Amino acid sequence: EASGTGNMKFALNGALTIGTLDGANVEIRERVGDDNIFIFGLTADQVAATRPGYSSRAAIEANPALREVIGQIAGGRFSSDNSSRYAPLVEKLYNDDYFMVAADFPEYWEAQRRVDREYRDAESWIRKAVLNTTRSGWFSSDRTIRGYARDVWDVTPLY
């Protein structure tokens, strides 16, 4: 749950989430609203429908931007001291992309462009950040512990 609680902590501090609609991001979106989070990628139902027959290699080859990025990684652009450092990552993306990163990439690319545009509008960005903070109080540890006490541990708080 570390990444989920981390995302919640980010939202509490005004960060705008960019991510797929899973885990904590579902709850964050419910609290901060669709306009204050950047969601991209396949839904769980779409993943289930797409996974049979999915070819990450075909998805990579069909997307020039993704193909270029993976080519740069494979060519050592981000590891000049060891050009094969990320070979296992590249191999995994091409041949065993269980998490469907390649399938989500086109929507991620567009979501990042939305983030870039939104960030240039300082007033709107600040408003979204403030709304993230003010609407994320629900994730407080006090509420969570009260819920566990009541629903899991079946204990009554002393105060």
Out of the residues in segment 7-29 that are more than 18 Å from Val130 (Cα to Cα) and among the small types (Gly, Ala, Ser), which is modelled with the lowest pLDDT? Gly23
Candidates Arg143, Arg114 - the one that is touching a strand residue (DSSP E or B) at 6+ places or on another chain (Cβ under 8 Å), under 30 Å from Asn13 (Cβ atoms), open to solvent by 50 Å² or more (accessible area, probe 1.4 Å) and not hydrophobic (A, V, I, L, M, F, W, C): Arg114
If you go through segment 1-18 one residue at a time, how many are hydroxyl-bearing (Ser, Thr, Tyr) and either open to solvent by less than 60 Å² (accessible area, probe 1.4 Å) or under 12 Å from the mean Cα position of the chain (by Cα) (or both)? 2
Residue satisfying all of: in segment 119-139; in contact (Cβ under 8 Å) with a residue 12 or more places away in the chain and open to solvent by 40 Å² or more (accessible area, probe 1.4 Å); farthest from Thr5 (Cα to Cα) among these: Trp125
Of Asp104, Asp97, Asp116, the only residue that is more than 22 Å from Arg31 (Cα to Cα), of a type in the set (Asp, Glu) and touching a Gly at 6+ places or on another chain (Cβ under 9 Å) is Asp104
Considering segment 19-35, residues that are over 19 Å from Thr5 (Cβ atoms) and in contact (Cβ under 8 Å) with a residue 40 or more places away in the chain, and then whichever is most open to solvent (accessible area, probe 1.4 Å), we arrive at Asp35
So if I check each of Ala102, Ala87, which one is in contact with a Lys or Arg (Cβ under 9 Å, 6 or more places away or on another chain) and open to solvent by less than 60 Å² (accessible area, probe 1.4 Å)? Ala102
Residues of segment 74-84 being surrounded by 15 or more Cβ atoms within 10 Å (Cβ to Cβ) and under 17 Å from Pro64 (Cα atoms), in sequence order, are Ala74
Could you tell me whether any residue of segment 103-115 is acidic (Asp, Glu) and more than 17 Å from the chain's Cα centre (by Cα)? no
Is segment 53-60 home to any residue that is surrounded by 13 or more Cβ atoms within 10 Å (Cβ to Cβ) and either β-branched (Val, Ile, Thr) or closer than 13 Å to Phe139 by Cβ (or both)? yes
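Conditions (1) touching a helix residue (DSSP H, G or I) at 6+ places or on another chain (Cβ under 6 Å); (2) within 22 Å of Phe105 (Cβ to Cβ); (3) of a type outside the set (Gly, Ala, Ser), marked per residue:
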{"site": "Gly6", "(1), (2), (3)": "no, no, no"}
{"site": "Arg29", "(1), (2), (3)": "no, yes, yes"}
{"site": "Asn36", "(1), (2), (3)": "yes, no, yes"}
{"site": "Asp45", "(1), (2), (3)": "no, yes, yes"}
{"site": "Ser55", "(1), (2), (3)": "no, yes, no"}
{"site": "Ala58", "(1), (2), (3)": "no, yes, no"}
{"site": "Ala74", "(1), (2), (3)": "yes, yes, no"}
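The values are calculated or read from the model by the stated rules, or taken from the named source; none is laboratory data. Keep in mind the model is a prediction, meaning the values are calculated, not measured. FYI the Cβ positions are ideal-geometry reconstructions off the backbone, even for glycines, and counts take in every protein chain you see. Protein only, heavy atoms only, side chains kept; ligands, DNA and RNA dropped before computing areas. Shrake-Rupley method; radii C 1.70, N 1.55, O 1.52, S 1.80 Å.
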